Amino acid sequence: MAAPAIQRFDTRAAFQAHLGTAFGRARATLDLFDPDCTPFALGAPETDALLRGFLRHGGRLRLAMHTATALERTAPRFLRLLRDYEHAIACRLTPRALRDLTDSFCIADDLHIVRRFHADHWRGEAAFDAPQEIDVSRERFSAIWGESLPGLRAATTGL
């Protein structure tokens, strides 16, 4: 069996394309980490459609971020999605001790990953059907998740 190819990217368009592929392939879990989650375009119509299909079929979405302010202000579709699927979406905010973390990644079903090396740049890599490429980011997400506190909720945004 050949090793899965790692696809490198360095543009927003390439990142968005790989992210759409990861969202589209996800069946059970999507774990996302980014300082403010804006690069994931959670308020975009295409993303909303992909996530609604994923959640409608029993998927679980977890977001960890430093701040939810940008999502609250610029992603009304995501806030509606959160209201509609509150039972399947969990959002957590990192404590001050983790605010120096600057990477960004999406893990789908522990099989697919799209990661940017620094949240201020589009350079990164994607790997699909590659569970061996997930290990470090999976451990990282678990540690971030374990130290973070519940954050964005449909009820707290006035919905």
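The values are calculated or read from the model by the stated rules, or taken from the named source; none is laboratory data. Just so we're clear, the structure is a prediction, and the values are computed from it rather than from any experiment. Here the Cβ positions follow ideal geometry from the backbone for every residue, glycine too, while neighbour counts run over all protein chains shown.
Of note:
Yes/no matrix, rows are residues, columns are (1) more than 14 Å from the chain's Cα centre (by Cα); (2) within 19 Å of R27 (Cα to Cα):
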position	(1), (2)
A70	yes, no
P76	yes, no
T94	yes, no
E133	yes, yes
V136	yes, no
F141	no, yes
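- Restricting attention to segment 20-40 and to residues that are hydrophobic (A, V, I, L, M, F, W, C), at pLDDT 95 or above and in a loop (DSSP other than H, G, I, E, B), the residue that is surrounded by the most Cβ atoms within 10 Å (Cβ to Cβ) turns out to be A26.
- Only residues that are among the hydroxyl-bearing types (S, T, Y) and either surrounded by 18 or more Cβ atoms within 10 Å (Cβ to Cβ) or within 13 Å of the chain's Cα centre (by Cα) (or both) were counted in segment 41-68, giving 1.
- Qualifying position, being under 16 Å from A41 (Cα atoms), of a type in the set (K, R) and outside any helix (DSSP H, G or I), among R92, R73, R115: R115
- Pairs meeting the criteria (first residue in segment 74-87 and surrounded by fewer than 18 Cβ atoms within 10 Å (Cβ to Cβ), second residue of a type in the set (D, E, K, R) and assigned to a loop (DSSP other than H, G, I, E, B), beta carbons under 9 Å, at least 6 apart or on different chains) are E86/R153.
- Flag if D110 is surrounded by fewer than 17 Cβ atoms within 10 Å (Cβ to Cβ), assigned to a loop (DSSP other than H, G, I, E, B), of a type in the set (D, E, K, R) and on the phi < 0 side of the Ramachandran plot: no
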